[in-house]
Each structure stands twice: as structure tokens, then as C-alpha cells.
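What follows is calculated from the coordinates using simple rules that are stated; it is not laboratory data. Every value quoted in this text rests on a predicted model; they were computed, and no experiment measured them. When we count neighbours, we look across all protein chains shown, and the Cβ atoms used for this are built from the backbone with ideal geometry, even at glycine.
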Amino acid sequence: MKKNIVVIGGGAAGMMAAIAASNENTNVELIEKNESLGRKLFITGKGRCNVTNASDIDVIFNNIISNPKFLYSAIYSFDNNMVMDFFEQNGLKLKVERGNRVFPDSDHSSDVIKTLKNALEDKNVKIHFKTVLKDLILENGSIKGIVTNKGKIKADAVIIATGGVSYPVTGSDGEGLNILKKHGHSIAKLRPGLVPINVGEEYIKDLQGLSLRNINISIYNKNNKLLYSEFGEMLFTHFGVSGPVILSASSVVGKHLNSEELSLVIDLKPALDEDKLDKRILREFEENKNKNFINAINGILPKKMIPVFVDYVGIDSYKKVNEISKEERKKIVNGLKNFKFTLKALRGYNEAIITQGGINVKEINPATLESKIIKNLYLAGEMIDVDALTGGYNLQIAWSTGWLAGLCAGDVNEY
């Protein structure tokens, strides 16, 4: 007799779980509340879908922020190379870009979803669209099925992969977390992850839309303790800061922003020490010796940033550069190496790529992803208290946890 396995959630983790759970001894049904699969997957990587990261496995673990040790079994059972092999063997051509980020060769997330849909079809997985999980059916501490808006479905094992609460427009509204909490699981505090950050300075609006490359950011608390530092790209918005280095920083320092303001220090010229930078400024001034200060630093800063920077260092815009003193040059150097903002708060879940927090990992068997509270119930993906930095690492977590949960659910012995 075949085992009936129900997977709840048609995102990255849920689809992979359904594929992994499907074998000659199982009937697999996939429950999805939307009218299509992979709603959130469709918008990841700005619609390009950063499938995974091609770096060594230790790099993968170094980029996991929350509970990396819990993920050892999951990631080693279906690592980044296995993920790439899976997609390529299923007909999706991949490419590796800067930072070892892996994308579909077509640059279309829809092709990733199509590949997964084809694999589900090949595995004869039955999909129920517009079907919402309402409750679990339990008997003597073991799962026996689920209740949906369309009725009950019996199951010998259930995999829940309903995600967190980020990008709620895609269907991530936390309903799976609420149901699991009702049945005894505890939830590690939720907060937006990989999200832009509000700053306090009003002049941020004058920098809106400006993107900076090859800068280094450092974030400090009120005691001047360094909390985070990274080299890369960032973006100014009408409310604050965003872009790759800021999004990654938000997942590391976000917990501090609940209780205190932090300082963001941008090194606009990290390749130059102060002495070399001073010499560079002197060369610019020599080439523009009859110009006003505001018109003499076009070779050093982006045009949009110059008026803000001039005000920031407190030097008269119309002062001739040949009149600028050594002390004033020090101010310029210091401004270029330490351009500061006050970080006030994270933006909301509507702008967050992921949710931090989720089901407490102590209540899940890391070797199988089975709940320690409800027998034959498995958990996967973003709803678990695991998350990582940008670069394909969060999708790797989704694929790995989905795969391991699916394999273990598919081999369930008692039903």
C-alpha cells in the first residue's frame, strides 16, 4: 500500500520536498493557496532567481546567519553542487556570475519554476491550487491529515513549507507558523531580514537613486563597537539605504535596531589610505586650481553626491581650491573615509527578502527535519529559524531542507 504524503506550500522548499518525497511507494499531493506555484520564487533576484552559490561548502555555512549547525545534515544531503546538477539534469542551463552567484542562463526566474513544475509532473505529484491549510488532524501525537478550506485530506506524513511573513503579497502570511504554534511549537521572534534600513539624516533625500560601487561600510553601536563591515555596493533611497551590503548588514544588525540607533560609516575610497587620498585630492586641486571647491571634485565623487558632501565637510562651496588649507583637506579626507549616517530602523516585511526567526530549531530533528512534537510532521524552508546573507544562500537552504524533509517523509515507517 502506498503512503500518502501531503506537502503544504508551493514555494521553493515545498516543490523540492514534493519532488524528493515522490517514489514508487508514495502518493504525493502538493497544497498551494495561490493559483500558481513559486509566487515568491518568481520575484527573487529581481526576477532572475539566484538559484544557489557555487562557492565551497564552508563559504555556504559562513554565510548562514541563524543556526548554521542545525543545517549540516540538510545541506550535506543536498548541497549546492547537487542543486546545480538537479536543475541542469532537468533541462535548465545555469551560469555563474560575480560572487559565485548562480542564475538560469536565460535570466528568467520563470524558467526555474517551469523546471520544477516539469519535475513535479514527471513524479506524478497531484497539485491542489487555491487550497488553504486550516488545521492539522492529529491522533496520539501523530499527524493523520490536514483540514483545508476545501475539506480534509488524509496523510501518513505531512511536510509544511509555508514560508515566513516577508512579501505577504505572494501569500506568505504566517498561517503555517500560527497553526504550528497552536499545536505546541514555539516561534523564535520574527523580524524582517535582508531589508533596507531607515536613516535619520534629512539630506538622504538629496541622494535618492544614487548607487555606490566599491565602497566599504562599517556599522557601530553606541559604544563604538563594530557590529558589521563589508565591501561592495549600496544604494540611497528616499528613506535611507539599501543595496547588497546594506541588505546583508540588516540581517546581522537588525536585532540591535529594536533597542538602539546605530552608526553607518561609509568609506567612499577604501582602496586608498589617508595619505594617498590626500595626494589624490591635491592632484585634483592642481588640475582645477582656479575653480571653486564644489566644481573641483567631480573626479572624486559622483555628481549627485557633491553638494551633500560639501555641506557635510563644512567648507564653503565657492572657496577657490588654491585657498583650501591643509586642515580643510584633512576634513575632506576624513569625510571621504568616514561618511556617516544614523541607522534608525529596519523597513517592513513588504520590502524584506526573507523572514528572520521562525520555528525553534530545538523542536526539529536536524537529521530528518521531523518535528519533535508531532510525529510524521516535517518542516522545511523559511518557516524554520534559519536564514543567510544574500548571494543564493537562502534558496540553497530552501532546496536542502525541502529535499531532506521530502526524502525522510517518503521513507516514513509508521502510518
Notebook entry, point to check: In whole Å, how far is the Cα centre of the range 219-294 from that of the range 29-54?
Noted result: 33
Next item on the list: Name the long-range amide H neighbours of residue 65: under 5 Å, sequence gap of 5 or more, or other chain; modelled H, no Pro or chain starts.
Entry: 387, 388, 389
Item checked: Pairs from 95/117; 33/362; 189/362; 150/375; 304/326; 123/152 whose Cα-Cα separation, in the structure shown, is over 18 Å -> 95/117; 33/362; 150/375; 304/326; 123/152
Next item on the list: Quote the relative contact order of the chain in percent (integer), defining contacts as alpha-carbon pairs under 8 Å separated by 6+ residues.
Entry: 27
Check: Taking the chain as a Gaussian network, where each spring joins two C-alpha atoms under 10 Å apart, which residue of 146, 75, 281 fluctuates the most?
Finding: 281
Notebook entry, point to check: In this model, which of 279/320; 205/291; 222/340; 126/181 are farther than 22 Å apart at the alpha-carbon?
Noted result: 205/291; 126/181
Next item on the list: Sum -39500 (n - 2.57) across every DSSP H segment of at least 4 residues in the chain, then divide by the residue count to get the 222 nm mean residue ellipticity, nearest 500.
Entry: -8500 deg cm²/dmol
Note to self: Pick from 83, 158, 96 the residue whose mean-square fluctuation is largest in a GNM of the chain, springs joining Cα atoms under 10 Å.
What the structure shows: 96
Note to self: Loop only by DSSP, 14 or fewer other Cβ within 10 Å of the Cβ. Give me the trypsin sites (Lys or Arg not before Pro) in the range 337-405 that pass, ordered by residue number.
What the structure shows: 372
Notebook entry, point to check: Of the residues 101, 191, 283, which exhibits the maximal mean-square fluctuation in a Gaussian network model of the chain defined by a 10 Å Cα contact cut-off?
Noted result: 283
Next item on the list: Return the percentage of antiparallel bridges among DSSP beta bridges fully within the chain, rounded to the nearest 5 %.
Entry: 75
Checklist line | Cα-only radius of gyration and Dmax that characterise the chain, units Å | finding: 25.2, 90
